[in-house]
Amino acid sequence: MNSMHGIQLPSVLVTGTSSDAHTWNLVYLQLLLEEWGHDVTNLGPCAPDDLVLGAALEHRPALLVVSSVNGHGHQDGLRLVRRLRSHPELAATTMVIGGKLGTDGLRNVGQVRRLLEAGYDRVFDDGDVAAFRELVSRLPVRAVS
């Protein structure tokens, strides 16, 4: 548990999608978030939806980060967030998705809109690390004794 000056920074759950075997994107996110002071649980690549749901219910992270590199993040991400959002216990969890979300390599505004409508709080399909850090910095912190 990371705490600084009497506050506990929010925990983060990082995961790949069920069809994505890429690992370095998840390692990068974990190291970045740990550098910023957060406790991170990394579920790794090819994480089945059941595993992500179980971990989210167990750990109750303030932030869940879904990362995709294989171009199927849009389909896998829609299915996953709908499943996660169907659990009231996860209503307050900030959920984001990013990476390569489609196979055409182009930014697809329709895909972004559908992901947001399905329950993601933010879609990072443009590699904007500054915007990601700003979102992470706004997560609620808790006082620790």
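Where a number appears in this text, it was derived from the coordinates with a stated rule and is not lab data. As the structure is a computational prediction, the values presented were derived from the model and not from experiment. Here the Cβ is made from the backbone with ideal geometry for all residues, glycine too, and neighbour counts use every protein chain on show.
List of remarks:
- Taking amide H positions as modeled 1.01 Å from N, with prolines and chain starts lacking one, the residues under 5 Å from N42 and 5 or more places away or on another chain are V14.
- In this structure, E35 and H59 have a Cβ-Cβ separation that, at R0 = 22 Å, corresponds to a calculated FRET efficiency of about 0.65.
- Neighbour counting of Cβ atoms within 10 Å sorts the residues D126, D49, fewest neighbours leading, into D126, D49.
- When only alpha carbons are used to place a centre, region 22-48 and region 73-145 end up 15 Å from one another.
- The calculated 222 nm mean residue ellipticity attributable to helices in the chain amounts to -11500 deg cm²/dmol, summing -39500 (n - 2.57) over DSSP H runs of n ≥ 4 and dividing by all residues.
- Space enclosed by the convex hull of the alpha-carbon atoms of region 17-86, per residue, Å³: 77
- Shape of region 42-143, Cα gyration tensor, a/c cut at 1.5: oblate
- FRET efficiency for S19 and V109, using Cβ-Cβ distance with R0 set to 25 Å, rounded to 0.05: 0.65
- One chain, two ends: A92 and D126. Fully extended at 0.36 nm per residue, the span grows by 9.7 nm beyond their Cα-Cα distance.
- Full-extension gain in nm, L139 to Y28, via 0.36 nm per residue minus C-alpha separation: 38.0 nm
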